[in-house]
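Colleague: Okay, handing you the structure first.
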Protein chains: 4
Amino acid sequence: MSDDPQDRAQRAVAALYGPDRASQSLGMQILTVAPGAVSVGMTVREDMTNGHGICHGGFLFTLADSAFAFSCNSAGEATVAASGQIDFLEPVAVGERLVAAGRVLWERGRQGIYVVDVMRADGTLVALFRGRSHKIGKTAS
Amino acid sequence: MSDDPQDRAQRAVAALYGPDRASQSLGMQILTVAPGAVSVGMTVREDMTNGHGICHGGFLFTLADSAFAFSCNSAGEATVAASGQIDFLEPVAVGERLVAAGRVLWERGRQGIYVVDVMRADGTLVALFRGRSHKIGKTAS
Amino acid sequence: MSDDPQDRAQRAVAALYGPDRASQSLGMQILTVAPGAVSVGMTVREDMTNGHGICHGGFLFTLADSAFAFSCNSAGEATVAASGQIDFLEPVAVGERLVAAGRVLWERGRQGIYVVDVMRADGTLVALFRGRSHKIGKTAS
Amino acid sequence: MSDDPQDRAQRAVAALYGPDRASQSLGMQILTVAPGAVSVGMTVREDMTNGHGICHGGFLFTLADSAFAFSCNSAGEATVAASGQIDFLEPVAVGERLVAAGRVLWERGRQGIYVVDVMRADGTLVALFRGRSHKIGKTAS
């Protein structure tokens, strides 16, 4: 198999997305893949709204967390989230199309720090995510 | 209507849970209600698993975020999350029953800070959440 | 030497405080020591004020971070901070006496999560800190 | 007086740095100023070391917090930190020269989110900071 980082990232993300029932059941699609940087799309559904009638913050986090997971697993080593932090910037309505763009900020040994921008189609930021990753040592693909 | 804080908390939580399609579609139930402290239950389903075969961190966050939302809205004033932070402590498997217990740490004016412990039925911690809330000025119930 | 956890905590904290020039030059004192829970005192000095004339947030963090460090090193294994998060709740004036009370929330293997309440003498909270610790494997005392 | 954003940023930062005894007593210098983005330098002193003999994390936070404060006050409106989060990436030794480069990520109304990279002279990251700011409504300069 190819050792090209781009090929490896695409294989690793496909291998992780295949069995990812959560991301799939929420209608997420992989939009772009590069080593350490994956973006994911999702449209907000009726069943994602909270008691205030807007998108439940949990689904904004889940979208960002998926982009984070695909980004930090893109080198093909099984990696999990140790923690995540999100700032909610704007309310998001049903039907809105969102893109979560993840990228690595720093990595050394088993530890990594990633950020994810969650945006509307027009580029408006709706949430900012930062996560800390931890490699668990198995090879994912 | 009663001005008793416990009565008001129960009314406010019921009013917020009623239209909360997200929490309901994920199978969350309100377990206990006190002023500033609400606990919520959820069982991890097959469609909540990620590519590593364990519960997607996004659903642990969403469960905690719901407990946070019910806790910080329990005084009857519409309140939203400004930010949330979660530490993932242990992997969670399909079929596990989780409880998220929220409570206020601090509140002044429109600002509040809440914590949520996410536990298995036996009390083992699986995630720790902390959120910052912001009152938006309308009365929720 | 005694294997009593309380004795060990007192030895470990004394061994760490002795060469800690930062905590000492800021006038911090160890107030109470228990396994996993150490409180530290400090009085805000003129040279700790920022351009708004109040205590620079960095010194509130530093006080909390010291209480965190003593708490997470109290078992005698060298442990460092991986990350820290602080919410600033109230402005603090010159001359105010502060107490930072740390305690462990969770620990497993090399990882730990600690919280620190930073309070005035009357118990008013002025800042809330949460940190993630990482054991580095050497024995500190 | 000039309404040019760059002139205003330089005036606002100078007005805040002048009475900032904390930043000055720690030997911080303002390196570069642009609207929403200020970098600050500091050399680690003997009295900044902790019990492990390395720079106390509190001083890395304080350096980042100063860069954050100057960045978020650079429009001339008095602004304070609501919260700050730091990831410690590498130990820092006495004598090392550090630069903290702050910049705005997002701002709306009274709220803002800023990041600060803390680096060695060679550009190596030693800490990553993110803060949430809150305008308090007075004009700083």
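Laboratory data are not the source of any read-out in this text; all were calculated from the coordinates shown. None of the values given here were measured: they were computed from a predicted structure. Backbone-built Cβ (ideal geometry, glycine too); neighbour counts: all protein chains shown.
Colleague: Pick from A:ILE86, A:ILE113, A:ILE54: which residue has the top mean-square fluctuation in a GNM of chain A where Cα pairs under 10 Å get a spring?
Modeller: Ranking A:ILE86, A:ILE113, A:ILE54 by mean-square fluctuation puts A:ILE54 first.
Colleague: Compute the angle between helix A:57-72 and the longest alpha-carbon principal axis of chain A, please, reported from 0 to 90 degrees and rounded to the nearest 10.
Modeller: It is inclined by approximately 20 degrees.
Colleague: Using +1 on the beta carbon of Lys and Arg, -1 on that of Asp and Glu, and nothing else charged, what's the dipole of the stretch D:5-139 about the Cα centre, debye to 20?
Modeller: Dipole magnitude for the stretch D:5-139 comes out near 560 debye.
Colleague: Any chance you could list P(r) for the protein assembly as shown, counting all Cα-Cα pairs in 20 angstrom bins from zero, rounded to whole %?
Modeller: 21, 55, 23, 0
Colleague: Between B:ASP4 and B:LEU31, what FRET efficiency follows from the Cβ-Cβ distance if R0 is 22 Å, with the result rounded to 0.05?
Modeller: 0.60
Colleague: Report, as an integer, the average count of C-beta atoms from other chains found within 10 Å of each Cβ along D:58-69.
Modeller: Averaged over the peptide's residues, the number is 6.
Colleague: Once the other residues with Cβ under 12 Å from the Cβ of A:VAL104 are scored (Lys, Arg +1; Asp, Glu -1), what is the net sum?
Modeller: +3
Colleague: Other chains' Cβ within 10 Å of D:36-45 residues: what's the mean?
Modeller: Shielding by partners across D:36-45 averages 0.
Colleague: Over the protein assembly as shown, how many pairs of lysines fall under 25 Å by alpha carbon, counting only those 8 or more apart in sequence or from different chains?
Modeller: 6
Colleague: Would you please calculate the Kirkwood hydrodynamic radius of the stretch C:5-139 over all C-alpha pairs and express it in Å, rounded to one decimal?
Modeller: After inverting the mean inverse Cα-Cα distance, the result is 14.7 Å.
Colleague: Expressed as an acute angle from 0 to 90° and rounded to the nearest 10, what is the orientation of the C-alpha long axis of helix D:5-17 relative to the principal long axis of chain D?
Modeller: The helix D:5-17 is inclined about 60 degrees to chain D.
Colleague: Here's something else I'd like to know. Take peptide B:20-33, look around each residue's Cβ out to 10 angstrom, count Cβ atoms belonging to other protein chains, and average those counts.
Modeller: 3
Colleague: Report, in deg cm²/dmol and to the nearest 500, the calculated mean residue ellipticity at 222 nm for the protein assembly as shown, where each DSSP H run with n ≥ 4 adds -39500 (n - 2.57) and the sum is divided by the residue count.
Modeller: Rounded to the nearest 500, the figure is -7500 deg cm²/dmol.
Colleague: Quick one: C:ASP3, A:ASP47, fewest Cβ neighbours within 10 Å first, how do they rank?
Modeller: C:ASP3, A:ASP47
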